[in-house]
1. Would region 165-181 turn up any residue that is within 21 Å of Ser15 (Cα to Cα), at pLDDT below 90 and either surrounded by fewer than 16 Cβ atoms within 10 Å (Cβ to Cβ) or touching a Gly at 6+ places or on another chain (Cβ under 8 Å) (or both)?
2. Looking at region 117-124, is at least one residue touching a Pro at 6+ places or on another chain (Cβ under 7 Å), part of a helix (DSSP H, G or I) and aliphatic (A, V, I, L, M)?
3. Give just the number: which of (1) modelled with pLDDT of 85 or more; (2) within 20 Å of Leu18 (Cα to Cα); (3) open to solvent by less than 60 Å² (accessible area, probe 1.4 Å); (4) touching a strand residue (DSSP E or B) at 6+ places or on another chain (Cβ under 8 Å) does Ser213 not satisfy?
4. Do we have Ile17 as in a helix (DSSP H, G or I), under 19 Å from Leu170 (Cα atoms) and within 12 Å of the ligand (Cβ to nearest atom) here?
5. Starting from region 185-204, keep only residues that are modelled with pLDDT of 90 or more, then list their pairs with residues that are open to solvent by 70 Å² or more (accessible area, probe 1.4 Å) and assigned to a loop (DSSP other than H, G, I, E, B) whose Cβ atoms are within a distance under 7 Å, requiring at least 6 positions of separation or different chains.
6. Does any residue of region 51-62 turn out to be open to solvent by 20 Å² or more (accessible area, probe 1.4 Å) and more than 10 Å from the ligand (Cβ to nearest atom)?
7. Looking at region 294-312 only, could you name the residues that are outside any loop (DSSP other than H, G, I, E, B) and of a type in the set (A, V, I, L, M)?
8. What tally of residues in region 227-282 results from selecting those that are closer than 20 Å to Ile360 by Cβ, over 23 Å from the mean Cα position of the chain (by Cα) and free of Cβ contacts under 8 Å to residues at least 40 places away in the same chain?
Amino acid sequence: MRLGSTKRIVIKIGSAILIEGSSGLIRRSWLQGLAADIDVLMSSGSDVLVVSSGAIALGRNVLGMHGSQLSLEQSQAAAAVGQIRLARAYEEVLEPFGIRTGQVLLTLDDSFNRRRYLNSRATLETLLNQGVVPIVNENDTVATDEIRYGDNDRLAAQVAVMTGADTLVLLSDVDGFYTKDPKEDSEAERLDVVEHITSELEALAGGQGSTSSKGGMATKIMAARTATKAGCAMVIARGSVLRPIDRLQKGTSCTWFLPAGNPQTARKHWITSLKSKGTIIIDDGASNAVKSGRSLLPAGVKKIFGRFQKGDAVGITDLRGEAVGKGLTRYSTNEIERIRGRKSREIEEILGNPPQAALIHADDLVRWTTALDRPAKD
Ligand code: GLU
């Protein structure tokens, strides 16, 4: 299988590929090749996000921390020093292509706390809409053991889910997923395609280490589970070669994990599964707009029930009490009380911050087309 056309792709780069072990410096020519790959992807219309490790490896070299095991504080200090260089390196190689970059540092909380999740997602979305390549890493300097991912495989999968990416590429020091550890067993076979992640497969992953990431194969399989469930295909491929994405496009040995459904369907399933915190009653004009797939604007809101915050799921009902759909609100109850019935251009004046035209954006809205669509219990 080859890497075909992709609308949105997340590329995860491990420290062992990016940083040369002996000198502790960035492999410049490799990174320039990756920048050329990113340019090709973007020229064909793909949004690209990079999740890059390497902050700790770079920083420890600068600080002369040569011991084999760093304490948490040491790695946090190393990350602080290394992250600046890491982000700068991406900026330097992408700039000649006219591609702008932005640094995004996330913690585990940004994927579990819903409001922070929505905020991070909105920022990433804005960067992508501006044609910027987000360079993402874990915020190692503040993330302590209990609240950190600790590995960028799972972080990359979360970023893919958060942004509704259709492809996640894990560039590794191995060229895919093997039935046994290929470094220890000559009978190990690489799988070309994994359709379902079974518990047998997870057990196989358990013992396989990978020096390019903290977690080895086990975290890669966890990442695959997260990504594929959200409709995102994932591939593990050897990253150390020059122009690794170009290779994937031409066809190279690797392992593909096939997605279940597509990112949009997965997202709608997720929204359907959320418990509604309230109900928004809308007029007929808004109801027709929602039914034909458009966003819900504040102008069409007649009444609200319940108390909810920005990002909460709410039910949408028409004037006859008929349930129309469900979605994630971009405004809290208090804000809606102040802007309901108002035109989008008046909102900035009332709320004092730039308006988001939609109260519930079409991407965050599930419409009930038949009575059967509606969940029995909400
Ligand atoms: N966030 C770490 C760093 O930038 C790397 C984590 C990993 O290797 O998965 O150094």
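The values are calculated or read from the model by the stated rules, or taken from the named source; none is laboratory data. Note that this is a predicted model, so its numbers are computed, not measured. Note: ideal-geometry Cβ built from the backbone for every residue, glycine included; neighbour counts use all protein chains shown. Only protein heavy atoms, including side chains, enter the accessible area calculation; ligands, DNA and RNA are left aside. Shrake-Rupley method; radii C 1.70, N 1.55, O 1.52, S 1.80 Å.
1. Within region 165-181, one or more residues are within 21 Å of Ser15 (Cα to Cα), at pLDDT below 90 and either surrounded by fewer than 16 Cβ atoms within 10 Å (Cβ to Cβ) or touching a Gly at 6+ places or on another chain (Cβ under 8 Å) (or both).
2. yes
3. (1)
4. So Ile17 fits the description; yes.
5. If the second residue must be open to solvent by 70 Å² or more (accessible area, probe 1.4 Å) and assigned to a loop (DSSP other than H, G, I, E, B), the pairs left are Asp192/Met1; Val193/Met1.
6. The answer is yes; a qualifying residue exists.
7. Leu296, Ala299, Val301, Ile304
8. 3
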